[in-house]
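Every number here is computed from the coordinates shown, using simple stated rules; none is lab data. Predicted model, so just to flag it, every value in this text is computed and none were measured. Counting neighbours? That spans all protein chains shown, and the Cβs are built from the backbone with ideal geometry, glycine included.
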Amino acid sequence: MLTKRIIPCFDVLDGRVVKHVGFLNNRRDAGDPVALAQIYCDAGADELVLLDISASSEGRLATRKVVEEVAAKVNIPLTVGGGVSTVEDVRSLLLSGADKVSMNTGAFRNPRLIEESAHRFGEQCVVVAIDANLHAQMGTYEVMLQGGKVGTGSDAIAWAKRAAELGAGEILLTSFRQDGTRAGYDLELTSAIARAVNIPIIASGGAGAKEHFFDVLTEGMADAALAASVFHFAETSVRDVKSYLRERGVPVRWVE
Amino acid sequence: MIVVLDPGIGNLHSVLGGLRRVGREAVVISDKEAWDNLRNDADGPVQGVILPGVGAFGDAMTQLRLSGLVSVVEQVVTSRIPLLGICVGMQLLFKVSFEHGEHPGLALLPGRVVRFPATAKVPHMGWNDLTSVRSHHPLLQDVAIGDFVYFVHSYYVQADEASDVIAAASYGGIEVPAVVGRGLVYGTQFHPEKSGKVGETILRNFVRLTELERSEVSSPW
């Protein structure tokens, strides 16, 4: 049986993993990405996601190098994202060793990026990341860009459907409302998108305890759950989460 | 020496990384000329060939044809060099694919490549367990039913000969060929280079097969 995936996510800044502490831009160095990747891999992580949050081109080059080093080390799939806006960006990350490339604002502004990338490199490596926020007046989910700073007025469900039609192999869905709260994933949003498309959904935003993973992988209908701080701060571990899921009958890949 | 054929679309990093983790460096070639040079003045004989593949079947076949790699594959098979196709590389071993049209494949194995029905999520993406394993097969030594491997594909193989399927998984109510093998032609639908320790075991088994003297590899399989 196909298992539900647990995916640790790293924010990489100028070649280092950073942790977000408290709100906004308060960051702390979380260590060597290669060593961390190996630890998560051994603990049974099913995939890894690296998000490049560097602003400068030198920072991006440093991150490319990290992607190469991590890819050489780990024996599980690696998704890389952050600032991807051209087919050349996708190619360059794939050549650095990424198995999949995540695209967000770049894909929203130019949906042909999805189509062209899927055509050239295959749907399997195109991950469309959608940040969504509940729009108070409309009562629907709005697509947000640039880490939630910019609203688009576009409906997240419609965008997810369009992305899937254009050739996205997977959707990485972050609930802006839940992100950083550690109060649990957005089950309503996740299940709404999961019902709307026929490609896998990775849920993100809000993980604070192992119960949250169970909820989003069952009621939330997600295929995979991504988390960052809950793992980095060792509030729970990949192994604990998987053991909890396994005891409750959720299919997971178990690594001794 | 192990040679990886580069049909020009793929990211070969993970395959090369996977081989490196089991202790083997590989040589990448992307056309027939490079192959001829290798065969003429190499440090040693070509012991094994890997055909990775991502992207669309039709594009991959076109690329293999244009670069002369189709005739390289023919030489590989007639010279009895073990060949391993990975993912789309496994699908290319078969006769025909119906991915965006109808495309003839390398036709080393009888069967066709078809899309999963929309009753399941497509692609079949993630870790799935093997539901049948021919465990005495040398490629599958130390691999067992219940072992998890990483799949990502929207099309699957319908093999004409059940005996060519040496391991399978189950998805969307379909028995999906996960590993195929006939003689010295092998393929994995999943990515062994991304399948944790189980994948490394399979890569190591393939490397071991390439190290046997040809005469030792009779082919009851």
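Annotations
- Computing Rg and the Kirkwood Rh from the Cα coordinates of chain B gives a ratio, Rg/Rh, of 0.93.
- Translational diffusion of region B:27-78, µm² s⁻¹ [Kirkwood Rh, Cα pairs; Stokes-Einstein; 37 °C; 0.692 mPa s]: 279 µm²/s
- Taking a sphere under 10 Å around the Cβ of B:Phe98 and counting the other residues whose Cβ falls inside, with K and R at +1 and D and E at -1, yields a net charge of 0.
- Most simply put, chain A has about 30% antiparallel DSSP beta bridges, counting only bridges with both residues inside it.
- Taking a Cβ cut-off of under 13 Å around A:Phe121, the surrounding Lys, Arg, Asp and Glu residues balance to a net charge of -4, with basic ones at +1 and acidic ones at -1.
- Whole-Å semi-axes of the ellipsoid equivalent to region A:94-214 (Cα gyration tensor, √5λ, descending): 23, 17, 13
- Take each residue in B:185-197, count the other chain C-beta atoms within 10 Å of its C-beta, and the mean is 3.
- Shielding by partners, peptide B:53-59 (average Cβ within 10 angstrom, other chains): 4
- The amide H of B:Cys87, built 1.01 Å from its N in the peptide plane, has B:Thr188, B:Gln189, B:Phe190 as neighbours under 5 Å, considering only residues 5 or more places off or on other chains.
- The alpha carbons of region A:68-129 stretch over 34, 20, 18 Å along the principal axes, in descending order.
- Each listed q (0.09, 0.11, 0.12 Å⁻¹) maps to a log10 I(q)/I(0) for the protein assembly as shown from the Debye sum over equal C-alpha point scatterers, namely -0.57, -0.86, -1.02.
- Normalised size of chain A, defined as Cα radius of gyration per 2.2 N^0.38 Å with N residues, equals 0.93.
- Those lysines that a straight Cα-Cα span of less than 28 Å connects to A:Lys65, excepting residues fewer than 8 apart in one chain: A:Lys19, A:Lys73, A:Lys100, B:Lys194, B:Lys197
- Altogether, the Stokes-Einstein calculation at 37 °C and 0.692 mPa s, with the Kirkwood radius of region A:1-90 over Cα pairs as Rh, returns a diffusion coefficient of 240 µm²/s.
- 13 Å beta-carbon shell around A:Gly31, net charge (K/R +1, D/E -1): +1
- Other protein chain C-beta atoms within 10 Å of residue C-beta, averaged over A:208-218: 0.
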